[in-house]
Protein chains: 4
Amino acid sequence: MATKETDYIFELPIKVRDYEIDVEGIVNNANYLHYLELTRHEFCEQAGLSFARMHEMGLAPVVRHADIEYINSLRIGESMVSKLALCRKGARFIFQQDIYRADGLPILKATITCVCVEGGRLTRGDALAEAFKEYL
Amino acid sequence: MATKETDYIFELPIKVRDYEIDVEGIVNNANYLHYLELTRHEFCEQAGLSFARMHEMGLAPVVRHADIEYINSLRIGESMVSKLALCRKGARFIFQQDIYRADGLPILKATITCVCVEGGRLTRGDALAEAFKEYL
Amino acid sequence: MATKETDYIFELPIKVRDYEIDVEGIVNNANYLHYLELTRHEFCEQAGLSFARMHEMGLAPVVRHADIEYINSLRIGESMVSKLALCRKGARFIFQQDIYRADGLPILKATITCVCVEGGRLTRGDALAEAFKEYL
Amino acid sequence: MATKETDYIFELPIKVRDYEIDVEGIVNNANYLHYLELTRHEFCEQAGLSFARMHEMGLAPVVRHADIEYINSLRIGESMVSKLALCRKGARFIFQQDIYRADGLPILKATITCVCVEGGRLTRGDALAEAFKEYL
């Protein structure tokens with residue numbers, strides 16, 4: 001069966017930090033959410049609209065839904081590549097985010113849905129769409 | 001439309017800690033995974049099989065899948081009640097975990113699927129099933 | 001040799017959360033800073049000036065110095081009592097913060113020096129001193 | 001007055017991650033302990049004795065004392081250089097660890113004292129001293 005490869009538009013190498021490891025010797029499940037957020041924010045910065053800049057503009061991207069499949073565990077001393085694809089559905093920005101160990105072993109597949117809030121109100125996300133236009 | 005209430009078997013009151021709040025004044029999305037883990041582990045302890053005890057026995061419950069709907073945000077100084085329901089499907093233990101603000105506002109609905117690993121190998125989860133038998 | 005007991009003015013019981021444990025099976029050194037901050041903030045709230053309220057008022061208590069002696073380690077499943085004493089020296093609020101395991105074993109002794117910033121400027125800390133007056 | 005420059009033996013550039021920022025817009029005080037640990041562990045790895053390797057050997061470096069002066073705050077989007085010097089006094093390894101913002105502004109000066117535990121017992125630290133011999 002042929003599988004269509006995801007068209008990733010951004011990749012970030014990340015090294016596991018020892019304090020992210022739990023007593024079982026593996027990265028704690030919550031820390032992957034940090035890796036995913038870090039990847040999205042680095043992508044936004046590269047796209048020209050950093051999280052700091054959004055904060056100044058009064059824009060707050062907010063996670064509305066996360067679907068995360070944990071496939072293999074990362075261990076102490078290991079490195080990963082965190083990859084990202086993006087599509088927009090109305091006000092929702094849907095990030096396909098997959099993490100691979102440095103040697104290619106799949107670690108995690110996630111779909112993260114974000115919306116953009118401005119002054120406490122949901123926006124159509126046009127400021128983000130403008131920043132991301134070459135990727136959408 | 002009638003909605004069947006989830007039959008929660010465990011509830012844990014948790015107060016937001018100020019360091020869990022991010023620059024937007026809301027709890028960072030990754031911290032909810034901590035709240036959910038805390039709730040499962042406190043439930044396990046109440047059921048008579050603490051995480052510490054599992055670790056001594058060489059058992060490691062591992063999260064395989066997380067589906068999280070973020071409905072509303074918790075803010076600085078707020079408190080929540082974290083509620084849990086449980087069912088077993090073969091080797092998988094499926095936790096329905098919902099978080100409500102102290103006043104009842106729904107904050108988050110999650111489905112967390114765990115398996116039990118022993119010496120690196122997937123188990124049928126009989127040790128957990130035995131501990132949880134009055135809840136399954 | 002007689003030792004003068006510290007005159008604690010606030011005590012907070014805290015249970016170790018499993019995700020705070022590292023691969024060595026002990027609480028990671030950084031997490032104690034979280035316990036100490038939690039204790040100070042709960043004390044402030046009891047004194048009538050919560051951190052949330054300070055934030056609304058534009059006041060930000062900032063840690064300027066921390067001296068921490070790690071005596072024994074807390075392990076998975078353990079509980080602690082976090083105790084606090086307070087004195088003021090000019091603009092500085094000096095918290096003596098000691099943590100004991102539930103059975104009384106000393107875990108950590110810390111001296112945390114805070115100042116209060118308002119609109120980016122160091123203040124004399126009068127708003128805090130007013131809130132803490134019955135303890136100073 | 002002439003100030004002797006610290007003879008740093010290791011430097012690590014680190015970028016602030018947005019989730020390390022608190023509601024005041026600055027890095028939370030506990031996260032600096034993470035930066036300092038990360039720096040020590042990266043130094044150990046460069047010296048040829050990674051934390052993962054120590055764990056396999058049954059060696060656990062443990063923080064016994066931390067003295068931390070917080071000078072300036074790091075903000076969202078900022079980068080730092082974390083610098084390290086090392087000396088040994090008997091069983092104690094004393095790390096002088098200073099953090100500077102990318103433009104040179106001093107952020108934090110810390111002295112972290114570690115010992116090495118093996119099978120729960122304090123060691124003389126000879127395994128670490130051997131690994132660090134060209135730096136001591």
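The values are calculated or read from the model by the stated rules, or taken from the named source; none is laboratory data. Because the structure is predicted, anything quoted here is derived from the model rather than measured. Note that we place each Cβ from the backbone using ideal geometry, even for glycine, and neighbour counts take in every protein chain shown.
Take D:I14 and decide whether it is within 30 Å of C:P61 (Cβ to Cβ), within 10 Å of chain C (Cβ to nearest Cβ) and of a type outside the set (S, T, N, Q). Steps first, answer last, please.
On the way: within 30 Å of C:P61 (Cβ to Cβ): yes; within 10 Å of chain C (Cβ to nearest Cβ): no; of a type outside the set (S, T, N, Q): yes.
Answer is no for this residue.
Restricting attention to segment C:88-133, the residues that are in contact (Cβ under 8 Å) with a residue 24 or more places away in the chain and not in a helix (DSSP H, G or I) total 32. The conditions of being crowded, with 18+ Cβ neighbours inside 10 Å, among the hydrophobic types (A, V, I, L, M, F, W, C) and over 15 Å from the mean Cα position of the chain (by Cα) are met by B:I76. Just checking, does segment B:63-75 include any residue being more than 18 Å from A:A30 (Cα to Cα) and facing another protein chain (nearest Cβ under 10 Å)? Looking through segment B:63-75, at least one residue is more than 18 Å from A:A30 (Cα to Cα) and facing another protein chain (nearest Cβ under 10 Å). Tally up the residues in segment C:82-136 that are in contact with a Ser or Thr (Cβ under 6 Å, 6 or more places away or on another chain) and of a type in the set (G, A, S), please. Residues meeting the conditions: 3.
For segment B:69-81, name all the residues that are in a strand (DSSP E or B) and either touching a Ser or Thr at 6+ places or on another chain (Cβ under 8 Å) or among the polar types (S, T, N, Q) (or both). Talk me through it step by step, then tell me what you get.
Step one: filter segment B:69-81 for residues in a strand (DSSP E or B), giving B:69-70, B:75, B:79-81.
If the condition is that a residue be in a strand (DSSP E or B) and either touching a Ser or Thr at 6+ places or on another chain (Cβ under 8 Å) or among the polar types (S, T, N, Q) (or both), then B:S79 is the only one that fits.
Within segment A:15-23, the presence of at least one residue that is closer than 21 Å to B:Y32 by Cα, of a type in the set (A, V, I, L, M, F, W, C) and without any contact (Cβ under 8 Å) to a residue 24 or more places away in the chain is confirmed. Evaluated against (1) modelled with pLDDT of 95 or more; (2) in a loop (DSSP other than H, G, I, E, B); (3) under 27 Å from B:R53 (Cα atoms), C:E24 falls short on exactly one condition, (1). With respect to the conditions (1) within 14 Å of chain C (Cβ to nearest Cβ); (2) farther than 18 Å from D:V115 by Cβ; (3) surrounded by fewer than 21 Cβ atoms within 10 Å (Cβ to Cβ), D:N28 falls short on a single one, namely (3).
Scanning segment A:97-114 for residues that are within 11 Å of the chain's Cα centre (by Cα) and among the charged types (D, E, K, R) yields a total of 2. Taken over segment A:28-60, the criterion of being under 17 Å from A:G77 (Cα atoms) and touching a strand residue (DSSP E or B) at 6+ places or on another chain (Cβ under 6 Å) is satisfied by A:N29, A:Y32, A:Y35. In this structure, is D:L108 touching a strand residue (DSSP E or B) at 6+ places or on another chain (Cβ under 8 Å) and within 17 Å of D:Y35 (Cα to Cα)? Yes, satisfied.
Please find, within segment B:1-25, the residue that is surrounded by the most Cβ atoms within 10 Å (Cβ to Cβ) out of those that are β-branched (V, I, T) and closer than 30 Å to A:G119 by Cα. Please lay out each step first, then the result.
Applying the first criterion (β-branched (V, I, T)) to segment B:1-25 yields B:3, B:6, B:9, B:14, B:16, B:21, B:23.
Those left that are additionally closer than 30 Å to A:G119 by Cα: B:14, B:16, B:21, B:23.
Working: B:I14: 17, B:V16: 20, B:I21: 27, B:V23: 21.
In this case the residue turns out to be B:I21.
The residue that is modelled with the highest pLDDT, counting only those in segment A:47-60 that are under 21 Å from A:I9 (Cα atoms) and at the interface with another protein chain (Cβ under 9 Å from one of its Cβ atoms), is A:S50. Do we find a residue being of a type in the set (A, V, I, L, M), touching a helix residue (DSSP H, G or I) at 6+ places or on another chain (Cβ under 6 Å) and closer than 20 Å to C:Y100 by Cα anywhere in segment C:17-31? Scanning segment C:17-31 turns up at least one residue that is of a type in the set (A, V, I, L, M), touching a helix residue (DSSP H, G or I) at 6+ places or on another chain (Cβ under 6 Å) and closer than 20 Å to C:Y100 by Cα. Going through (1) closer than 30 Å to C:I26 by Cβ; (2) assigned to a loop (DSSP other than H, G, I, E, B); (3) away from chain B (no Cβ under 14 Å) one by one, A:D7 falls short only on (1). Looking across segment C:90-102, the residues that are over 23 Å from D:V23 (Cα atoms) and either among the small types (G, A, S) or modelled with pLDDT under 95 (or both) come down to C:G90, C:A102. Scanning segment D:31-55 for residues that are surrounded by fewer than 20 Cβ atoms within 10 Å (Cβ to Cβ) and touching a Phe, Trp or Tyr at 6+ places or on another chain (Cβ under 9 Å) yields D:L38, D:E45, D:Q46, D:A47, D:L49. Is there a residue being among the hydroxyl-bearing types (S, T, Y) and over 18 Å from the mean Cα position of the chain (by Cα) anywhere in segment C:115-125? The answer is yes, given that some residue of segment C:115-125 is among the hydroxyl-bearing types (S, T, Y) and over 18 Å from the mean Cα position of the chain (by Cα). Look at B:R40 and say whether it is assigned to a strand (DSSP E or B) and either touching an Asp or Glu at 6+ places or on another chain (Cβ under 7 Å) or charged (D, E, K, R) (or both). In short, no.
Please go through segment D:63-108 and give me each residue that is out of contact with any Leu (no Cβ under 6 Å at 6 or more places or on another chain) and within 15 Å of D:D7 (Cβ to Cβ), ordered by number. Result: D:K83, D:L84, D:A85, D:L86, D:C87, D:I94, D:Q96, D:D98.
Which residue, of A:V115, A:V63, is under 25 Å from B:L74 (Cα atoms), in contact with a Gly (Cβ under 8 Å, 6 or more places away or on another chain) and at pLDDT 95 or above?
On the way: A:V63 fails: in contact with a Gly (Cβ under 8 Å, 6 or more places away or on another chain).
On inspection, the qualifying residue turns out to be A:V115.
When the test is whether a residue is more than 19 Å from A:D7 (Cα to Cα), buried (at least 20 other Cβ atoms within 10 Å of the Cβ), of a type in the set (G, A, S) and free of Cβ contacts under 8 Å to residues at least 60 places away in the same chain, A:A60 passes it.
Based on what the data block shows, is B:V81 more than 10 Å from chain A (Cβ to nearest Cβ), within 12 Å of the chain's Cα centre (by Cα), surrounded by 17 or more Cβ atoms within 10 Å (Cβ to Cβ) and of a type in the set (A, V, I, L, M, F, W, C)? Working first, answer last.
Numbers: more than 10 Å from chain A (Cβ to nearest Cβ): yes; within 12 Å of the chain's Cα centre (by Cα): yes; surrounded by 17 or more Cβ atoms within 10 Å (Cβ to Cβ): yes; of a type in the set (A, V, I, L, M, F, W, C): yes.
Against the criterion (more than 10 Å from chain A (Cβ to nearest Cβ), within 12 Å of the chain's Cα centre (by Cα), surrounded by 17 or more Cβ atoms within 10 Å (Cβ to Cβ) and of a type in the set (A, V, I, L, M, F, W, C)), B:V81 qualifies.
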